[in-house]
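Here is the structure we will look at.
Derivation of every value follows stated rules applied to the coordinates shown; laboratory data play no part. Quick caveat: nothing in here was measured; it's all calculated off a predicted structure. With ideal geometry, Cβ positions are generated from the backbone for all residues, glycine too; neighbour counts draw on all protein chains shown.
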Amino acid sequence: MPDLLCLGIESSCDETALALVRGGRLLAQTLASQADLHAIFGGVVPELASREHLRHIGPLFDELLVRSGCNAGDIDVIAVARGPGLLGSLLTGVAFAKGLALATGAPLIGVNHLHAHLLAAGLAAVIPFPCLGLVISGGHADLYIVRSPWDMEKIGRALDDAAGEAFDKVGAAIGLRYPAGRAVNELACAAEKPFAALPRPYLHNGNLDFSFSGLKTAAVQLAKGAGIHVSGGGGEKLGQFCLALNEAVADTLAEKTRRALEMNPDINALCVAGGVAANSIIRDKLSGLMAERGGAFLAPELKYCTDNAAMIAYAGYLLAEEGFRHGLDMEAVPRGRPVPCDWHRALA
Ligand code: KG4
Ligand code: ZN
């Protein structure tokens, strides 16, 4: 069914988003971000996030139908991010998806939010399978072997702070608003040289895991010692400090990515995804690494790096096209528990 119309629902963290993909192409999307609300508290407050999802999801669905010119009855399959994420937030999207599946008769497919991030580049380009996948977001720094949309093997992970947390927590320490990744990136790009050398953490080992908590501590200490803070009026030192932090994260990610490619010589393509994949210094470093190796580099457009429903609809479309489905007993999976590939195959 090449023109399968797939609805995607994303509510795993602090963005409520819905999108429609037809035949693998994005038709329309709607999104409500809660960033301003959570910025007051310096991080996502789970109970507030669930309430906001509940408030927004119905009106966003109505608006999506108006924008796309589709009716609810036209939807062939309903894809929903089932985890990992905040349980209360996930449950809002999953309950909405199940209700809609019951009302319309359309089948349900639960999508792994992280796999959807990795497939987001496919909205605009052809992903060459197998490829190496690097998910860098607020909660993750994971390396995968991506064999197909339904076959991904995790070969490295963040042992403590994720890549985005390093940006967000150091950013908060120097007075930047949560989430600070984008501001650190912008300040770093305006600087000519780094303030000082920061460590490239957790490279003296043979594994593909990441640990950014030591870098975070080193950066916060450096900022405190040198009096670097937004309240100091910004200035040259602030940008140079952000550049030092951004380069340390970029170099560390690139080095483990290089090792992963060396350990898997049959793979010479990299697909990077997640909110931190919007970082221009990290994108340049990783695309440079792939250019040196004569391999392909893929990254989603900037707006599809951070959480969105286009990637959920697209991943759901790929799974549904292959015949995968879930029953209405599908469960949401909170952060910290593996998301099972417990689909069943629909009869042709
Ligand atoms: O994927 P995402 O929207 O949500 C999660 O699933 O976590 O990622 C959010 C993260 C935040 O940590 C934010 O600071 C970071 O992505 N981020 C960036 C940039 N844009 C967003 N980090 C570095 N540079 C950026 N340009
Ligand atoms: Zn995400």
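Filtered by the rule that a residue be away from ligand 2 (no atom under 12 Å from the Cβ) and under 16 Å from LYS154 (Cα atoms), segment 112-129 gives LEU119, PHE129.
Summed over segment 129-168, the residues that are under 17 Å from SER213 (Cβ atoms) and surrounded by 21 or more Cβ atoms within 10 Å (Cβ to Cβ) give a count of 16.
Residues of segment 291-313 being surrounded by 17 or more Cβ atoms within 10 Å (Cβ to Cβ) and within 16 Å of ligand 2 (Cβ to nearest atom), which ones? Matches in segment 291-313: ALA299, PRO300, TYR304, CYS305, THR306, ASP307, ASN308, ALA309, ALA310, MET311, ILE312, ALA313. Of the residues that make up segment 272-290, is at least one at positive phi, exposed (fewer than 15 other Cβ atoms within 10 Å of the Cβ), part of a loop (DSSP other than H, G, I, E, B) and not basic (Lys, Arg)? No, because not a single residue in segment 272-290 is at positive phi, exposed (fewer than 15 other Cβ atoms within 10 Å of the Cβ), part of a loop (DSSP other than H, G, I, E, B) and not basic (Lys, Arg). Candidates in segment 7-41 are the residues that are of a type in the set (D, E, K, R) and surrounded by fewer than 24 Cβ atoms within 10 Å (Cβ to Cβ); of these, the one that is nearest to the chain's Cα centre (by Cα) is GLU15.
Of all residues in segment 81-93, exactly one satisfies the criterion of being surrounded by fewer than 24 Cβ atoms within 10 Å (Cβ to Cβ) and within 25 Å of ASP151 (Cβ to Cβ), namely PRO84.
Candidates in segment 290-333 are the residues that are free of Cβ contacts under 8 Å to residues at least 24 places away in the same chain and either aliphatic (A, V, I, L, M) or in contact with a Leu (Cβ under 8 Å, 6 or more places away or on another chain) (or both); of these, the one that is nearest to LEU132 (Cα to Cα) is MET290.
Can you confirm whether MET330 is of a type in the set (A, V, I, L, M) and either more than 22 Å from LEU208 (Cβ to Cβ) or assigned to a strand (DSSP E or B) (or both)? The answer is yes for MET330.
Among the residues of segment 184-197 satisfying the criterion of being of a type outside the set (S, T, N, Q) and surrounded by 18 or more Cβ atoms within 10 Å (Cβ to Cβ), which is nearest to ligand 2 (Cβ to nearest atom)?
Here the answer is VAL184.
The condition of being within 16 Å of ligand 2 (Cβ to nearest atom) and either on the phi < 0 side of the Ramachandran plot or touching a Phe, Trp or Tyr at 6+ places or on another chain (Cβ under 8 Å) (or both) holds for only one of GLY171, GLY156, GLY164, that being GLY164. Taken as a whole, the condition of being assigned to a helix (DSSP H, G or I), under 30 Å from HIS229 (Cβ atoms) and out of contact with any helix residue (DSSP H, G or I) (no Cβ under 9 Å at 6 or more places or on another chain) does not apply to ALA166.
Based on what the data block shows, is LEU114 aliphatic (A, V, I, L, M) and either more than 16 Å from ligand 1 (Cβ to nearest atom) or under 16 Å from ASN308 (Cβ atoms) (or both)? Taking the combined requirement at face value, the residue satisfies it.
Can you give me the number of residues within segment 174-183 that are away from ligand 2 (no atom under 16 Å from the Cβ) and among the basic types (Lys, Arg)?
1
Quick one: in segment 293-337, which of the residues that are among the hydroxyl-bearing types (Ser, Thr, Tyr) and more than 19 Å from GLY105 (Cβ to Cβ) is nearest to ligand 1 (Cβ to nearest atom)? The selected residue is THR306.
Note on segment 22-119: no enclosed helices (runs of 4 or more DSSP H) hold 3 or more residues that are without any contact (Cβ under 8 Å) to a residue 24 or more places away in the chain and under 18 Å from ARG325 (Cα atoms). Checked against (1) within 15 Å of ligand 2 (Cβ to nearest atom); (2) out of contact with any Pro (no Cβ under 7 Å at 6 or more places or on another chain); (3) closer than 28 Å to ILE174 by Cβ, ALA273 passes all but condition (2).
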